[in-house]
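*Asks:* I have a structure I would like to understand better, so I am pasting it below and will then ask my questions one at a time.
The values are calculated or read from the model by the stated rules, or taken from the named source; none is laboratory data. As the structure is a computational prediction, the values presented were derived from the model and not from experiment. Cβ placement follows ideal geometry from the backbone for every residue including glycine, while neighbour counts extend to all protein chains displayed. Side chains included, ligands, DNA and RNA excluded: accessible areas come from the protein's heavy atoms. Shrake-Rupley method; radii C 1.70, N 1.55, O 1.52, S 1.80 Å.
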Amino acid sequence: PHLAALVLARGGSKGIPLKNIKLLAGVPLIGWVLRAAIDAGVFHSIWVSTDHDEIEKVAKQFGAQVHRRSPEVSQDSSTSLEAITEFLNHHHEVDIVGNIQATSPCLHPSDLIKVADLIQKEGFDSVFSVVRRHQFRWSEVKKGENKMTEPQNLNPAKRYRRQDWPGELYENGSFYFAKRHLIEKGYLQGGKMAYYEMRAEHSVDIDIDIDWPIAEQRVLSFGYFGKDPLKEVKLLVCSIDGCLTNGRIYVTEDHKEMVSYDYRDIVGIDLLKKRGIQVRLISDRDCSKTLSAMQLGCVAKVSVTNKLQVLKDWQEDMGLSWKEVAYLGNEESDVECLKQAGMSGVPADACAAAQKAAGYICKSRGGCGAVREFAEHIFLLLEKVNSARKQ
């Protein structure tokens, strides 16, 4: 049977404009679940249903196909079931839909693989995700009612200790898998049903308007970053023009060049060095005088015609794997380096080709704190590496 992953990503949002592609830990929100779906390897096709051009662009960037949903199922009042039904009406080859929520950025491929087995091999008609919670519930007393609240799932005279109570299962909204015949009858859950219990730390739901910085910390700690395990970064190579500087060159009347840089980026370079990470600089043009004036104390290569070859030479000379190399670039000449490095980033104003190749898109522009921001991102991922080692 044809199993299709379907992510519903409408352009309108009452809370956060274009929330589905807002950067979360340097990656568009929808990118986290698309990465997990692709790496799961269980889907015959992976789709994003959207009514917005920018969301379509990001979806294709992450390797998904796009279904342009109609205005009729793109309203605030439109239901997921209506959008999924419309998708099935246009894709008769699909037998099973795995509706994955774009707002669940801690989803892992291992979860999707197990759910696919439940519905394909064990014959379930629908499978949905749940999380276990240990929360005591009480009846609601509306204002003006003359009555007392009542316990719903506990005996106040004999309250459970957490370790003595299994808790309760709640839908966490990460995904809903269902067979075509069930959806055509108007159900996402029905027939022979099963739930799939996700780990609590993976149950992050942006849809309930969780504070974005808190969500970023959760994703950095528990998100899925790709098939290969993260390694400790030992080398950062940074493009000078457009990353360390803002790319502008000022020329005086006596033909001298001047550039500007952000002191925060210099601090970021110093912090990387203190953590034992080498920082090297690279440029298409001859900016040796500028580097001399900045006194950064970094190995640099200027007037470079093939940045990837220089990067390979440095990687080999240091005896590093590509997973131990980070690269910050911003132009088309950086694209191959961004693809090759284990960790890659670009400033917010990098060209479209560089943004597409990068794993992290900074909030800061080039020459305005992007190097410091990328350094902070490296430090957070190093914490994740160290945590994994301890476990």
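*Asks:* For E54 and E376, compute 0.36 nm times the residue count separating them, minus their Cα-Cα distance, and round to one decimal in nm.
*Replies:* Separation in residues times 0.36 nm, less the Cα-Cα distance, equals 113.1 nm.
*Asks:* Related question: Report, by chain and number, residues whose modeled amide H sits under 5 Å from the one on G247, excluding near sequence neighbours (fewer than 5 apart, same chain).
*Replies:* It is G242, by chain and number.
*Asks:* Hey, any idea what % of segment 235-389's accessible area is carbon plus sulfur with a 1.4 Å probe?
*Replies:* 46 percent
*Asks:* At 7 Å along Cα-to-Cβ for each site, give me the label-to-label distance between D286 and E197 in nm.
*Replies:* Modelled inter-label distance: 6.9 nm.
*Asks:* Here's something else I'd like to know. Would you mind telling me which residue in I277, I100, I16 has the biggest mean-square fluctuation in a Gaussian network model of the chain, where springs connect alpha carbons within a distance under 10 angstrom?
*Replies:* Ranking I277, I100, I16 by mean-square fluctuation puts I16 first.
*Asks:* Would you please classify the overall shape of segment 235-389 from the alpha carbon gyration tensor, given that a ≥ b ≥ c denote the square roots of the eigenvalues, rounded means a/c under 1.5, and beyond that prolate means a/b larger than b/c while oblate covers the rest?
*Replies:* Because a/c hits 1.5 or more and a/b exceeds b/c, segment 235-389 counts as prolate.
*Asks:* Can you tell me the 0 to 90 degree angle between the C-alpha axis of helix 307-318 and the longest principal axis of the chain, rounded to 10?
*Replies:* Tilt relative to the chain: about 90 degrees.
*Asks:* Test of understanding: in a Gaussian network model of the chain with alpha carbons linked when under 10 Å, which of N99, N246, N153 would top the mean-square fluctuation ranking?
*Replies:* Judging by the Gaussian network model, the answer is N153.
*Asks:* On to the next question. Heavy-atom accessible area per residue, segment 235-389, 1.4 Å probe: how many Å²?
*Replies:* For segment 235-389, the per-residue accessible area is 48 Å².
*Asks:* Charges on Cβ only, +1 for Lys and Arg, -1 for Asp and Glu, centred on the Cα centroid of the chain; of V42, G144, V371, which one is farthest towards the dipole's positive end?
*Replies:* The residue sitting farthest along the positive end of the dipole is G144.
*Asks:* Springs between alpha-carbon atoms under 10 Å, Gaussian network over the chain: tell me which of V251, V48, V233 tops the mean-square fluctuations.
*Replies:* Among V251, V48, V233, the largest mean-square fluctuation in the Gaussian network model of the chain belongs to V251.
*Asks:* So how much slack lies between E184 and K256, counting 0.36 nm per residue of separation and subtracting their Cα-Cα distance, in nm?
*Replies:* 18.8 nm
*Asks:* Let me ask something additional. Roughly how many Å² is the accessible area per residue of segment 3-222, as a whole number, for a 1.4 Å probe?
*Replies:* 50 Å²
*Asks:* Follow-up question, since we're still on this one. Shape call for segment 115-245 from the C-alpha gyration tensor, a ≥ b ≥ c root eigenvalues: rounded (a/c under 1.5), prolate (a/b greater than b/c) or oblate?
*Replies:* oblate
*Asks:* Next question, about the same structure. What's the FRET efficiency of L118 with V141 using the Cβ-Cβ distance as r and R₀ = 35 Å, to the nearest 0.05?
*Replies:* 0.30
*Asks:* Grab the beta carbon distance between T149 and S221, set R0 = 30 Å, and tell me the FRET efficiency rounded to 0.05.
*Replies:* Computed FRET efficiency for T149 and S221: 0.25.
*Asks:* Now a separate question. In whole Hz and in residue order, list the ³J(HN,Hα) couplings for segment 120-136 that follow from phi through the Karplus curve 6.51 cos²θ - 1.76 cosθ + 1.60, θ = phi - 60°; x for Gly and Pro.
*Replies:* Coupling constants for segment 120-136: 9, 9, 9, x, 6, 8, 8, 9, 9, 8, 9, 9, 8, 10, 10, 10, 7 Hz.
*Asks:* Still on this structure, please answer the following. Set the Förster radius R0 to 41 Å, insert the Cβ-Cβ distance between N306 and S80 as r into 1/(1 + (r/R0)^6), and round the FRET efficiency to 0.05.
*Replies:* The computed FRET efficiency comes out at 0.25.
*Asks:* Rounded to the nearest 10 degrees, what's the angle between the helix 80-90 long axis and the longest principal axis of the chain, both from Cα atoms, 0 to 90?
*Replies:* In the chain, helix 80-90 runs at an angle near 80 degrees to the longest axis.
*Asks:* Relative contact order of segment 235-389: what whole-number percent is it, with Cα pairs under 8 angstrom and at least 6 residues apart?
*Replies:* In percent, rounded to a whole number, it is 27.
*Asks:* May I ask for the angle, rounded to the nearest 10°, between helix 29-40 and the longest principal axis of the chain, with both axes built from Cα atoms and the value confined to 0 to 90°?
*Replies:* Approximately 80 degrees, to the nearest 10.
*Asks:* What number, rounded to the nearest 500 deg cm²/dmol, is the helix-based mean residue ellipticity at 222 nm of the chain, given -39500 (n - 2.57) per DSSP H run of at least four residues and division by all its residues?
*Replies:* Counting only the DSSP helices, I get -9500 deg cm²/dmol.
*Asks:* Something else now. Specify whether the C-alpha gyration tensor of segment 3-222 places it in the rounded, prolate or oblate class, a ≥ b ≥ c being the square roots of the eigenvalues: rounded for a/c under 1.5, otherwise prolate if a/b is larger than b/c and oblate if not.
*Replies:* Prolate, since a/c reaches 1.5 and a/b exceeds b/c.
*Asks:* Same structure again: Between Q295 and I266, with labels modelled 7 Å along Cα→Cβ, what's the label distance in nm to one decimal, could you check?
*Replies:* 0.8 nm
*Asks:* If one computes the Cα centroid of segment 339-353 and of segment 1-71, what distance in Å separates the two points?
*Replies:* What the calculation gives is 20 Å, centre to centre.
*Asks:* Follow-up. Expressed as a whole number of Å, what is the distance separating the alpha-carbon centroids of segment 159-227 and segment 98-134?
*Replies:* Segment 98-134 and segment 159-227 have Cα centres separated by 8 Å.
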